[in-house]
1. Most exposed first by the Cβ proxy, i.e. fewest other Cβ within 10 Å, how do 229, 337 rank?
2. To test your reading of the geometry: what angle, between 0 and 90 degrees and rounded to tens, separates the Cα axis of helix 58-70 from the longest principal axis of the chain?
3. Apply the Kirkwood formula to the stretch 273-371: the hydrodynamic radius equals the inverse of the mean of 1/r over all pairs of different alpha-carbon atoms; give it in Å with one decimal.
4. Please report 133, 354 as a ranked list, fewest other C-beta atoms within 10 angstrom at the top and most at the bottom.
5. Against the longest alpha carbon principal axis of the chain, how many degrees, from 0 to 90 and to the nearest 10, is the axis of helix 218-229 turned?
6. Can you pull the three principal axis extents for the Cα set of the stretch 23-156, in Å, largest first?
7. Quote the Stokes-Einstein diffusion coefficient, in whole µm² s⁻¹, for the stretch 196-238, based on the Kirkwood radius over alpha carbon pairs, a temperature of 37 °C and a viscosity of 0.692 mPa s.
8. Taking the radius of gyration and the Kirkwood hydrodynamic radius from Cα positions alone, what is the Rg/Rh ratio for the chain, to two decimal places?
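Here, each number is a calculation from the coordinates, and none is a lab measurement. Note that the structure is a prediction, hence the values are computed from the model and not measured. Methodologically, a virtual Cβ is constructed for each residue, glycine included, from the backbone with ideal geometry; neighbour enumeration extends over all protein chains shown.
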């Protein structure tokens, strides 16, 4: 299946390493599954607000329970102490949830009774059994089994979880590598993250981006990108280039962006902008034209067309209000897509300040008659 999102080379190779120096402590602790289950139920052990998918199949989950019953060693898990004195699961989510599900009796995979698989890979003694069908000794063995936990804590800077993204990105060893927004969803929990989840369900946004919620949270990342590029810090940046990944991390980690004032303004701003684009430019607004046929639309979401059009439209709405032009905007957009300067700004060095200013400025001028930087 073709990816519905256009890949931009410069952005896909953004493997920045944070230059900040952190004071990070780590230590080991052997925690029983009884303790982990209690911590999870009491919200001391936390998972992402938008729960990561449970990806183990029934045989994989059953084999892990089988390993515990056989007394086999299991891999360590990684946890991080947060500034809110909770423990964030960095690595080990599948293992913890498998035992939690088995003990409570419902498997996350299908929401049905958790009976161990009848596969020959499972020991015949408990093949097909639910937790309540095990002997008391076997139940105690599962609950009492300890798993080595490596716990991280950022001592400095305080009240700042910015190192957790780096730790999460480098250590996570799940069945698939998590993408950047999936990691942010785990690390930067709070009102801004909840806002992104909510806005991602906006009807007009779903029409413009695509009806299906992206399982890797790239749609949420584009909303975050809109907010991060739509501010005076970017507008007043003179030259050079920025790391998109670092920009989005810092925006998510900025506690001011989780305050009620920003949440209310952000909700209204994004909703109004996306509604205007859908109504007056149309559902192809964030698509590009075909290079071999400029009259035809290439129906793939184009990140830099999105950020330039969304940010410019937001600025125009804020500046012009009801006087904003609404006639012929799609025709002007189509003409802009054939402009050589604009094509350069959306394809080459897209995180260079010149390109960011260039593409936003051209949309503002050509569609709305405004200057980006006076």
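1. Numbers: 229 23, 337 18.
Going from sparsest to densest Cβ surroundings: 337, 229.
2. 40 degrees
3. Working: mean 1/r = 0.0745 Å⁻¹.
Evaluated over the stretch 273-371, this radius sits at 13.4 Å.
4. Numbers: 133 12, 354 15.
With the sparsest Cβ surroundings first, the list reads 133, 354.
5. Once rounded, one gets 50 degrees.
6. Computed over the Cα atoms, the extents are 51, 29, 23 Å.
7. This corresponds to a translational diffusion coefficient of 289 µm²/s.
8. 1.05
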